[in-house]
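In what follows, a single structure is set out as structure tokens and then discussed.
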Amino acid sequence: MPLGPIMRLDLEKIALDYIVPCLHDIGFCYLDNFLGEVVGDCLLERVKQMHYNGELQDGQLAGHNNGISKRHLRGDQIKWIGGTEEGCEAINFLLSLIDRLVMYCGSRLGKYYVKERSKLHGGILRIFPEGKSYVADVEPIFDRLLFFWSDRRNPHEVQPSYATRYAMTVWYFDAEERAEAKKKFRNLTDAGKTEAALHED
């Protein structure tokens, strides 16, 4: 697998000169031809294989209907992977590159300290940047790497797909926000247990 062009990429320069300024100025950015055709094809073939083998599951809704599949609201199929699974070497390689880019962004993302990630397969993206007078439609072009704030600054949605599309999505979490969310979840869970105990008679 010819990795020469990828290994010559100056990921730190890309992060500092392009990703960080774009995230600050408009809230998103993307890099085309990031992996190159050969590595990109290896990754795509692995995802297709997972699809054909029935390893992808219907996407689930979050919130009160957690775990309920509603195909008319969410029509994607997903598989959570870490990249260390057998046959996922190309996926692991991509994740390691993205991890390095995020690490180089480091403390330059304002008050955010991004340290954790999670993964999902998804589709086409439309972004509604907060306070902007435009909508950004990001086409699902092969070997495109997209960065954006996935919170109130960038409400977004997956557009309908009329052909089979494959995308890999990686979320990184701000450490402080994640700790606060976990604390709130524990408090809600503990309150639910207390309420259940009070009703047991």
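The values are calculated or read from the model by the stated rules, or taken from the named source; none is laboratory data. From a predicted model like this one, the values you see are computed outputs, not experimental measurements. Glycine also receives a Cβ, built like all others from the backbone with ideal geometry; neighbour counts cover every protein chain displayed. What goes into the accessible areas is simple: the full protein's heavy atoms, side chains included, and nothing from ligands, DNA or RNA. Shrake-Rupley method; radii C 1.70, N 1.55, O 1.52, S 1.80 Å.
Some points to look at:
- Members of the stretch 36-54 that are assigned to a loop (DSSP other than H, G, I, E, B) and either within 27 Å of ASP151 (Cβ to Cβ) or at pLDDT 90 or above (or both): ASN53, GLY54
- In the stretch 11-35, the residues that are open to solvent by 30 Å² or more (accessible area, probe 1.4 Å), touching a helix residue (DSSP H, G or I) at 6+ places or on another chain (Cβ under 9 Å) and part of a helix (DSSP H, G or I): GLU12, LYS13, ILE14, LEU16, HIS24
- Failed criterion for ARG144 (all others in (1) over 14 Å from the mean Cα position of the chain (by Cα); (2) closer than 22 Å to ASP25 by Cβ; (3) surrounded by 14 or more Cβ atoms within 10 Å (Cβ to Cβ) hold): (1)
- Condition check for GLU130: farther than 25 Å from ASP76 by Cα, open to solvent by 80 Å² or more (accessible area, probe 1.4 Å), touching a Pro at 6+ places or on another chain (Cβ under 9 Å) and modelled with pLDDT of 85 or more: yes
- Test: residue in the stretch 2-10 that is open to solvent by less than 70 Å² (accessible area, probe 1.4 Å), aliphatic (A, V, I, L, M) and either within 19 Å of the chain's Cα centre (by Cα) or modelled with pLDDT of 90 or more (or both): no
Residues are listed down the side, and each one gets a yes or a no for (1) under 26 Å from GLY36 (Cα atoms); (2) at pLDDT 80 or above; (3) acidic (Asp, Glu):
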residue: SER96; (1), (2), (3): yes, yes, no
residue: VAL102; (1), (2), (3): yes, yes, no
residue: LYS115; (1), (2), (3): no, no, no
residue: LYS119; (1), (2), (3): yes, no, no
residue: PRO140; (1), (2), (3): yes, no, no
residue: LEU145; (1), (2), (3): yes, yes, no
residue: THR164; (1), (2), (3): yes, no, no
residue: LYS184; (1), (2), (3): no, yes, no
residue: ASP190; (1), (2), (3): no, no, yes
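- Close pairs (6 angstrom Cβ cut-off, 6 or more residues apart or separate chains): on the phi < 0 side of the Ramachandran plot and part of a strand (DSSP E or B) in the stretch 124-144, at pLDDT below 80 and surrounded by fewer than 16 Cβ atoms within 10 Å (Cβ to Cβ) anywhere: ARG126/GLN159
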